[in-house]
Amino acid sequence: MSRVTVPRSSLVFATGLALAAGSAMMLDGASGAIALAFQGQLNLQATDWHVPQESKLTVEEMEAARAAWGYFAANTRSETGFVDAVAGFPSATLWDQGSYLLGLVSAVRLGIVTETELDIRVAAFLDGLARLELFHDKLPNKVYDTQTLQMTDYANTRVEGGIGWSALDMARLLMGLRVVEKHFPQHGDAIRDVIRGWDLAAMAQDGELMGFTREPEEDEEGALWQEGRIGYEQYGARAAALWGLDVIRAMSAERIVDWNRIEGVEVAADRRRAITFQAITPVLSEPYLLMAFELGLDTESAALAERVYQAQEARYDETGHITMVSEDHLDAAPFFAYSSVTANGRAWAVVAEDGSFHSDMRTMSTKAAFGWYALVGSDYADLARDAALELATDEGFPAGIYEADGAVNEVFTLNTNAVILEALHYQTAGPLWSVR
């Protein structure tokens with residue numbers, strides 16, 4: 001039985017902010033072997049619910065774009081060309097750096113950053129990328145110190161030899177590099193020079209995305225594992241496929257779909273149970289929004305995304321709580337969580353990467369509010385985005401608003417502000433990979 005890693009690696013954002021010792025794994029109660037072959041067809045019909053209308057941004061939306069760019073301006077490390085994943089903490093994953101590139105291209109195309117600045121930033125970033133020590137001389141480590149480019153763990157502690165690579169994080173970085181190359185081909189040769197030294201084939205095997213995990217204190221060598229859960233897996237595969245990788249099995253969710261009825265909506269969840277495969281199973285906004293803004297939704301992802309959106313609107317109708325769920329850093333323990341439509345067998349679960357549940361930490365995600373408005377443009381999405389617009393500062397948008405008490409989740413992140421820029425770009429020009 002193969003272990004499957006969590007949907008994507010994420011950053012514990014401050015030194016000393018560790019998860020409480022001894023927290024129990026609270027995974028769903030399913031047992032026994034799970035057959036992964038999904039019998040039958042999804043037979044999902046495409047609708048026009050997500051078709052955007054090309055429109056010029058309003059004055060308020062342009063102000064929001066400039067506010068989001070404020071994060072990049074305030075948190076870029078001149079010594080490496082990298083951007084901190086969380087404001088004030090010099091650490092980042094490759095997922096975060098992919099977000100940087102995609103946010104940067106969006107900002108240039110929106111007219112709030114010049115192409116000259118992009119050229120300077122991309123050159124500095126590629127120089128930093130070329131200096132990275134690779135895990136096992138194959139691929140970048142999961143996380144690096146953005147000041148020194150040393151391989152670290154998620155607490156930003158230097159780890160000799162590294163802790164492995166994440167195929168999903170790598171896929172997002174590769175997506176960002178591909179988009180830069182497409183829109184600004186003058187950087188193509190430099191991009192190819194960097195990745196020529198990477199063994200990209202190591203992150204794909206038998207049509208699957210493959211990550212590598214090493215826990216130096218427990219397992220000196222580490223091991224290769226299939227990586228990804230529904231939504232994230234398909235997003236990562238579509239991005240990796242742009243570089244010719246063999247990810248055919250991971251590109252469709254058909255073989256792993258299990259239907260969950262949430263707020264009267266049949267939502268596609270992952271049938272690979274957390275307790276069996278030791279990986280959390282959140283279904284949320286993030287991967288579907290990224291697919292839309294970067295690649296465009298295909299028939300399958302459009303139908304699955306529609307149900308994720310509908311369940312959130314239905315919960316608002318039922319409870320009065322503005323529901324926009326996604327993965328987010330938090331300004332209190334557990335410091336990172338996946339607010340979901342369903343996860344590990346529970347509706348509306350807020351789950352940390354160790355499998356523990358934190359319903360009191362559910363947030364209205366700022367990036368999800370911007371994202372669903374860009375994708376759907378409904379009255380409900382407009383209501384949520386109006387709440388998010390109020391959070392703008394000169395150095396970006398915070399991650400969201402806690403549902404329990406209405407307090408602002410005061411952590412500022414690269415990914416939040418990058419996705420906001422991508423959403424605003426999508427409103428005006430469609431997907432970054434196939435602009436209108």
> Can you give the charge dipole size of the chain about its Cα centre, rounded to the nearest 20 debye, using +1 on the beta carbon of Lys and Arg and -1 on the beta carbon of Asp and Glu?
Replying inline: 780
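Which value, in Å², gives the accessible area per residue of the chain when a 1.4 Å probe is used on the protein heavy atoms?
36
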> Which one of ILE195, THR148, ALA67 has its Cα pushed farthest toward the positive end of the charge dipole of the chain, where Lys and Arg give +1 and Asp and Glu give -1 at the Cβ?
Replying inline: ILE195
>> With just the Cα atoms defining each centre, how far is region 336-352 from region 255-271? Give it in Å.
In response: 14
>> What do you get for GluC sites (Glu not before Pro) in region 165-235 restricted to DSSP loop and a cutoff of at most 14 other Cβ within 10 Å of the site's Cβ?
In response: GLU217, GLU218, GLU220, GLU221
> Amide H to amide H, which residues 5 or more places from GLY396 or on other chains are under 5 Å from it, using H placed in the peptide plane?
Replying inline: GLY70, TYR71
> How high is the relative contact order of the chain, in percent, counting Cα pairs under 8 Å that sit 6 or more residues apart?
Replying inline: 24
> For the chain, what is the calculated [θ] at 222 nm in deg cm²/dmol (nearest 500), taking -39500 (n - 2.57) for each run of four or more DSSP H residues and dividing by its residue count?
Replying inline: -11000 deg cm²/dmol
>> Along the charge dipole of the chain, pointing to its positive end and built from +1/-1 on Cβ of Lys, Arg, Asp and Glu, which listed residue (VAL350, LEU126, LEU330) has its Cα farthest out?
In response: LEU126
> Could you give the radius of gyration (one decimal) and Dmax (whole number) of the Cα atoms in the chain, in Å?
Replying inline: 19.8, 57
>> Using only the alpha-carbon atoms, what does region 385-436 span along each of its principal axes? Please give whole angstrom values in decreasing order.
In response: 41, 19, 17
> Using r as the Cβ-Cβ distance of HIS321 and VAL59, and R0 as 30 Å, what FRET efficiency do you calculate, to the nearest 0.05?
Replying inline: 0.50
>> Tell me the relative contact order for region 283-423 as a rounded percent, counting alpha carbon contacts under 8 Å between residues six or more apart.
In response: 22
> Ordering ASP354, ASP405, ASP246 from largest to smallest accessible area (1.4 angstrom probe), what's the sequence?
Replying inline: ASP405, ASP246, ASP354
>> How long are the semi-axes of the equivalent ellipsoid of region 320-436, defined as square roots of 5 times the Cα gyration tensor eigenvalues? Whole Å, largest first.
In response: 24, 15, 14
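Counting Lys and Arg as +1 and Asp and Glu as -1, each charge on the Cβ, what is the dipole of region 261-380 about the Cα centre in debye, to the nearest 20? List each step's numbers first, then the result.
Values: 9 positive and 18 negative charges, 73 e Å.
With Lys and Arg at +1 and Asp and Glu at -1, about 360 debye.
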> Just in region 47-139: which GluC sites (Glu not before Pro) are loop by DSSP and have at most 16 other Cβ atoms within 10 Å?
Replying inline: GLU54, GLU79, GLU133
> So which lysines can LYS56 reach, going by Cα to Cα under 25 Å and dropping same-chain residues fewer than 8 places off?
Replying inline: LYS182, LYS367
> Can you pull the percent of the chain's accessible area that's carbon plus sulfur, 1.4 Å probe, other chains left in place?
Replying inline: 48
> Any idea what the dipole of region 128-179 comes to, in debye rounded to 20, about its Cα centre with Lys/Arg Cβ at +1 and Asp/Glu Cβ at -1?
Replying inline: 220
> Relative contact order of region 85-196: what whole-number percent is it, with Cα pairs under 8 angstrom and at least 6 residues apart?
Replying inline: 33
> In region 156-230, what trypsin sites (Lys or Arg not before Pro) fall in a loop by DSSP, with at most 12 other Cβ atoms inside 10 Å?
Replying inline: ARG196
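The values are calculated or read from the model by the stated rules, or taken from the named source; none is laboratory data. None of the values given here were measured: they were computed from a predicted structure. Counting neighbours? That spans all protein chains shown, and the Cβs are built from the backbone with ideal geometry, glycine included. Remember, those area values only see protein heavy atoms, side chains included, never the ligands or the DNA or RNA. Shrake-Rupley method; radii C 1.70, N 1.55, O 1.52, S 1.80 Å.
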